[in-house]
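Take a look at the structure set out below.
The values are calculated or read from the model by the stated rules, or taken from the named source; none is laboratory data. Keep in mind it's a predicted model, so treat the numbers as computed, not measured. Cβ coordinates were reconstructed from backbone atoms using ideal geometry, including for glycine residues, and neighbour counts include every protein chain displayed.
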Amino acid sequence: MASYSRFEQARINQLLSSYSPQEPPRLSLDFGDYLSLIWRLDSCADRPKRANYYRACLMALAQALEIQDTALHKLIRSTPPGEIYTQITNLPYRSGSRLLDAQDRKAAIAKLIQIRDSICTLGASQQNWRVSYPGAGIMDVDLRERVFAVLFTAFQGQFSNFARLLLVGDIVLASLLVGYDVVSDISLHDLVLRFSYPDPESERAQSEYEADDPSKRILQS
């Protein structure tokens, strides 16, 4: 049971990771990673070069999972970053089949996507705390320690349980968005070699990812 829990936590950590060249996935990638990459792409509306990086990741993974011809992937190809998660809920009407329960499937997708978005948003916010956490400069030591206790003790413990919803929610989302369970997965090594996934070790991938990083722009100016 303990080993399974460690693997489960490793999966959650990967699903919440940046998938950047500096933080490449260590476990095999599956449909859950595909959804996380969509979320990352959607967050790059103001960073076109980083969006190109994530889009290339998605194109490669879609081919590997054999979902490149689905309505979901066509939506990703045609929708600009910042609008994808919003448009995903309309997929039941785009598929052109099973319209009888399309409204109910749309409602289910909307709720599951909302939960996933909340988890990813909270997970991404923690990545910004690696240097300093919110409230780190509060002069009142007792108050500062209470803020720390909430953010790092109480929050971390509860968030780990909340984030486990990704593991079960992604399975259901696969059925709702693609129409069947996507059970295949693929290693990063095979993705790079066989499907032209951006190689984390290549200078091209690294420069494209970092090109429109706000901190890099400040340093360059």
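Quick notes on this one:
- Applying the criterion of being modelled with pLDDT of 75 or more and surrounded by 14 or more Cβ atoms within 10 Å (Cβ to Cβ) to the residues of the stretch 119-134, the residue that is farthest from the chain's Cα centre (by Cα) is LEU122.
- Count of the stretch 176-193 residues which are assigned to a helix (DSSP H, G or I) and loosely packed, with under 13 Cβ neighbours inside 10 Å: 2
- Within the set ARG6, ARG105, ARG116, ARG40, the sole residue that is under 12 Å from the mean Cα position of the chain (by Cα), farther than 26 Å from GLU210 by Cβ and in a helix (DSSP H, G or I) turns out to be ARG116.
- From the list ARG50, ARG11, the one residue that fits, being over 16 Å from SER78 (Cα atoms), charged (D, E, K, R), part of a helix (DSSP H, G or I) and in contact with a Cys (Cβ under 9 Å, 6 or more places away or on another chain), is ARG50.
- Test for PHE152: is it more than 17 Å from the chain's Cα centre (by Cα), of a type in the set (A, V, I, L, M, F, W, C), surrounded by 13 or more Cβ atoms within 10 Å (Cβ to Cβ) and at pLDDT 95 or above: no
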